[in-house]
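Shown next, in structure tokens, is the structure this report addresses.
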Amino acid sequence: MMTHALRILLVEDNPGDARLLEDMLAADPPDCYQLTHVLCLGEALNHLAKGGVDIILLDLGLPDGEGLENVRKVRDLAPHVPLMVLTGWTDEEIVTGSMLEGAQDYLIKGQVENRTLARAMRQAIERSSLLTKAASTNVELQERIREKDILLSEIHHRVKNSLQVVSSLLSLESNLIQDPIVVERLRNTQNRVRAMAFIHQTLYQSKDFARVDFRSFLQSFAPTLVQSFSIHPERITLHVEVDEVALPIDGAIPCALIVNELISNALEHAFPGGRSGSVSVFFRQGSDNLATLRVEDDGIGLPAGFDFEQSKTLGIQLVHLLAGQLGGGVHFDQAGPTRFVVTFPLKGRESKMGAGEIGVNVPELAPRSGFESMSSHCSA
Ligand SMILES: Nc1ncnc2c1ncn2[C@@H]1O[C@H](COP(=O)(O)OP(=O)(O)OP(=O)(O)O)[C@@H](O)[C@H]1O
Ligand SMILES: [Mg+2]
């Protein structure tokens, strides 16, 4: 609500046109308007620099400036003062251009009368104030989003650090233990924790904190997993082929743990007695909205009578369980290279987990009857 007379800056070099506008404004009570009339762009800019202008009526054909350039210069100097363009041209391009440059409205000379002028000025002022408010709200929102992003990045960083501490503690613990079986189990647990730490690391290093760049995760995680088994890279070569796919965090963590189990198994069991060979990991995003993870090796093969469903060991139980949690299934192949294939839907899976539930639900792993309702299935 304006409490003082409306301070109008009229920039018009044509005395006839200026007179017409002055006459129109004079029809309203004398304390309504305070009019300053200048004849050229230079004078207008000088006046604007001093402030105290509520609205600008700007002619586009001036002795020292022509067309849209006039609008641009005025906008640059006084971006928040409502601007109306006066044009004798019915050139649509000029009119549209003026609006795009930030003018609130335009008046075609000769087609204006007192009431339309007053109303147009009022609306231009309202529009300008709404735009200014919207712009400042936008800036505020952007700032809040930025703050939240920093916070999320910080949280992922801290979670990753905490998981790394747990992993280091397990490593220290295993240094004090002689029993090779216990050492092996501690290393496997350490790798599970590391897999989760890597997911959080991938998240805080990316720009999108809700989705994990699974390619980047696999490419950095898989080689470190091989290193953790102290295997010479020339003895067992690792091949990773992965599509560019972003997984929500509640899908990425189970998937990372499955990858960890399957690669670990290949490294641990497929090449006994110093055998050499290769382990390959493929991750594909199909057009049918299904993701396919395949881990294969050319080692000695699965033991005779291997029963995926009835396995009592933790690794295979975890794969079974986590695939079910992803709403997917597991197939394995033992003729030829040992191959495990996990497929799961990429979309529509989020609703299966509770709101706000992030990460992996690992129900108790025993007794086996606890798995009977899981949706994963397998085939030999
Ligand atoms: N790629 C493979 N090549 C050969 N044997 C395998 C392979 N993957 C799994 N196995 C066999 O399946 C068994 C079960 O695997 P699982 O991961 O459940 O247990 P684990 O690796 O022995 O121990 P952990 O529970 O710590 O993972 C292994 O002990 C091994 O005999
Ligand atoms: Mg295992």
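The values are calculated or read from the model by the stated rules, or taken from the named source; none is laboratory data. In this text the structure is predicted, and so the values were computed from the model without any measurement. Glycine also receives a Cβ, built like all others from the backbone with ideal geometry; neighbour counts cover every protein chain displayed.
Quick rundown of the values:
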| item | result |
| --- | --- |
| Residue within the stretch 266-275 that is assigned by TED's automatic domain parsing to the domain that holds Ser216, of a type in the set (Gly, Ala, Ser) and under 27 Å from Gln201 (Cβ atoms) present | yes |
| Any chance Ser287 is small (Gly, Ala, Ser) and at pLDDT 95 or above | no |
| Some residue of the stretch 93-105 being more than 24 Å from Ser136 (Cβ to Cβ) and among the polar types (S, T, N, Q) | yes |
| All positions within the stretch 319-333 that are closer than 20 Å to Val279 by Cα and within 16 Å of ligand 2 (Cβ to nearest atom) | Val319, Val330, Phe332 |
| Strands (runs of 3 or more DSSP E) contained entirely in the stretch 1-64, each with at least 3 residues that are within 19 Å of Asp105 (Cα to Cα) and among the aromatic types (Phe, Trp, Tyr) | none |
| Test: residue in the stretch 270-284 that is within 16 Å of ligand 2 (Cβ to nearest atom) and under 28 Å from Lys347 (Cβ atoms) | yes |
| Given (1) among the acidic types (Asp, Glu); (2) touching a helix residue (DSSP H, G or I) at 6+ places or on another chain (Cβ under 9 Å); (3) modelled with pLDDT under 95; (4) surrounded by 13 or more Cβ atoms within 10 Å (Cβ to Cβ), number of the condition Glu350 does not satisfy | (4) |
| Flag for Gly301 being within 15 Å of ligand 1 (Cβ to nearest atom) and touching a residue at least 60 places away in the same chain (Cβ under 8 Å) | no |
| Lone unmet requirement of (1) of a type outside the set (Phe, Trp, Tyr); (2) away from ligand 2 (no atom under 16 Å from the Cβ); (3) at pLDDT 90 or above for Gly305 | (3) |
| Close pairs from the stretch 331-346: first under 11 Å from Leu302 (Cα atoms) and of a type in the set (Lys, Arg), partner modelled with pLDDT under 90 and in a strand (DSSP E or B), Cβ under 7 Å, at least 6 apart | Arg339/Asp333 |
